[in-house]
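The values are calculated or read from the model by the stated rules, or taken from the named source; none is laboratory data. Worth saying up front: this structure is predicted, and the values here are computed from it rather than measured. Neighbour counts are summed over all protein chains in view; Cβ atoms, including those assigned to glycine, are modelled from backbone coordinates with ideal geometry.
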Amino acid sequence: MNGDKCGGGNINIGFIGAGAVGCSMGKYLCENSSIAKIKGYYSRTSKSVDIAATFTNSKAYASPEELVNECDVICITTPDDIILKVWEQIKNYNLHQKIICHFSGSLSSDIFSGIEKTKAEKISIHPMYAFSDKFTSYRQLNTARLTMEGSSKAVKVMQELFGDELHHKIFMLKASDKVKYHAAAAFASNYVVGIFDVALGLLKDCGFTDEDAVSLLGPLTMGNVKSVIENGTLEALTGPVIRNDTGTVKKHMEALEGTDALKIYKSVGERLVKMSEKKNPDRDYSELRKIM
């Protein structure tokens, strides 16, 4: 499709990469912004470009240079390990006064090395949001908090778009903190899923079906997350560790002997002991600390 009707603003935005992030961000801006105009997409496969362009009623570009020439903001929405390759290609085009952007959580805008020579501006923006589907994820994107880091001019433009117009809560990051920031997101998202999977496995060992195990653990998990958000981690912490119930912890560890779950239990348990000592400084957790 060679449409050009997505948004009527004065910031022309193009996407190199037509996956879940590119499609979702383009559709979201198309439907919600009056200052952004989605010009279109370029990708390695014409099929993915056509799908993204049709989805956002924008243009399917035949080359990245054509897209760059027609856009003020070039968003590289490829997988992380492709971003540098795309940059190495487009930095040879005329980028004067353009903004080069990516949405990676772990990479900073420093990946656009030598951008000063092109007279372009750089920025990395990361929505703290799970893009699970390229056609539906845009619907709740308005709830996402964003982090940004980059050149002052690029940050100013993107703050006006995402902050002033679309009312996202925006947090500024240092480029040097991006990897640690992304690790924090992984802990709160992916690693929680991993620990939940361990718990499901233990219940299945006890004879529970998948459905019954989720039914049992779901409300407990949701309640804990709610408590952490509302009260903080120390106030949300319950269970045998903070009660200093060494006997119960030892029984847990005996039951987990010979399984991968024991290593995870002890590793997380060390953190729980430190939290417990912080909350209850007058309580002696030395025995628990020894067995973790």
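Which pairs turn up if I take residues in the range 133-153 that are without any contact (Cβ under 8 Å) to a residue 60 or more places away in the chain and look for partners that are in a strand (DSSP E or B) and of a type in the set (Ser, Thr, Tyr) with beta carbon separation below 8 Å, at least 6 apart in sequence or on another chain?
What qualifies is Met148/Ser124; Glu149/Ser124; Gly150/Ser124.
Please state which one of Ile83, Ile74 is surrounded by 21 or more Cβ atoms within 10 Å (Cβ to Cβ), part of a strand (DSSP E or B), of a type in the set (Val, Ile, Thr) and modelled with pLDDT of 95 or more. Lay out the reasoning, then the answer.
Values: Ile83 fails: part of a strand (DSSP E or B).
Testing whether each residue is surrounded by 21 or more Cβ atoms within 10 Å (Cβ to Cβ), part of a strand (DSSP E or B), of a type in the set (Val, Ile, Thr) and modelled with pLDDT of 95 or more leaves just Ile74.
Among the residues of the range 135-149 satisfying the criterion of being closer than 16 Å to Ser104 by Cα and either in contact with a Lys or Arg (Cβ under 8 Å, 6 or more places away or on another chain) or among the β-branched types (Val, Ile, Thr) (or both), which is surrounded by the fewest Cβ atoms within 10 Å (Cβ to Cβ)?
The qualifying residue surrounded by the fewest Cβ atoms within 10 Å (Cβ to Cβ) is Arg145.
Read through the list (1) buried (at least 21 other Cβ atoms within 10 Å of the Cβ); (2) within 20 Å of Thr147 (Cα to Cα); (3) among the aliphatic types (A, V, I, L, M), then give the number of the only condition that Ala20 fails.
(1)
Quick check on my filter: what residues within the range 131-142 are under 16 Å from Gly26 (Cβ atoms) and either part of a loop (DSSP other than H, G, I, E, B) or not hydroxyl-bearing (Ser, Thr, Tyr) (or both)? Before you say what the answer is, go through the steps one by one.
Initially, the range 131-142 is screened for residues under 16 Å from Gly26 (Cβ atoms), giving 131, 133-142.
Listed by number, the residues that qualify are Phe131, Asp133, Lys134, Phe135, Thr136, Arg139, Gln140, Leu141, Asn142.
I'd like to check something: does the range 93-102 contain any residue that is of a type in the set (D, E, K, R), crowded, with 20+ Cβ neighbours inside 10 Å and in a loop (DSSP other than H, G, I, E, B)?
Narrowing the range 93-102 to residues of a type in the set (D, E, K, R): 98.
Next, only the ones that are crowded, with 20+ Cβ neighbours inside 10 Å stay: 98.
Applying the additional criterion that residues be in a loop (DSSP other than H, G, I, E, B) yields 98.
Checked against the condition, which is being of a type in the set (D, E, K, R), crowded, with 20+ Cβ neighbours inside 10 Å and in a loop (DSSP other than H, G, I, E, B), the range 93-102 yields at least one hit.
For the range 162-209, enumerate the residues that are hydrophobic (A, V, I, L, M, F, W, C) and either out of contact with any helix residue (DSSP H, G or I) (no Cβ under 8 Å at 6 or more places or on another chain) or modelled with pLDDT under 95 (or both).
First pass over the range 162-209, keeping only residues hydrophobic (A, V, I, L, M, F, W, C): 162, 166, 170-173, 175, 179, 183-188, 192-193, 195-196, 198-200, 202-203, 206, 208.
Within the range 162-209, Phe162, Phe171, Val179, Ala183, Ala184, Ala185, Ala186, Phe187, Ala188, Val192, Val193, Cys206 qualify.
Can you find even one residue in the range 150-157 that is in contact with a strand residue (DSSP E or B) (Cβ under 6 Å, 6 or more places away or on another chain), surrounded by 12 or more Cβ atoms within 10 Å (Cβ to Cβ), farther than 29 Å from Ile51 by Cβ and of a type in the set (D, E, K, R)?
Within the range 150-157, one or more residues are in contact with a strand residue (DSSP E or B) (Cβ under 6 Å, 6 or more places away or on another chain), surrounded by 12 or more Cβ atoms within 10 Å (Cβ to Cβ), farther than 29 Å from Ile51 by Cβ and of a type in the set (D, E, K, R).
Being exposed (fewer than 15 other Cβ atoms within 10 Å of the Cβ), part of a helix (DSSP H, G or I) and either touching a residue at least 60 places away in the same chain (Cβ under 8 Å) or of a type in the set (Asp, Glu) (or both) is the filter here; which residues of the range 269-292 pass it?
Glu270, Glu287
The rows are residues; the columns are (1) surrounded by 14 or more Cβ atoms within 10 Å (Cβ to Cβ); (2) of a type in the set (Val, Ile, Thr); (3) closer than 30 Å to Ser113 by Cβ.
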site: Glu165; (1), (2), (3): yes, no, no
site: Ser176; (1), (2), (3): no, no, yes
site: Asn190; (1), (2), (3): no, no, yes
site: Lys226; (1), (2), (3): no, no, no
site: Val249; (1), (2), (3): yes, yes, no
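Filter the range 116-130 for residues that are over 14 Å from His182 (Cβ atoms) and buried (at least 20 other Cβ atoms within 10 Å of the Cβ) and give the result. Steps first, answer last, please.
Our first condition is that a residue be over 14 Å from His182 (Cβ atoms); within the range 116-130, this holds for 116-123.
Scanning the range 116-130 gives Ala120, Glu121, Lys122, Ile123.
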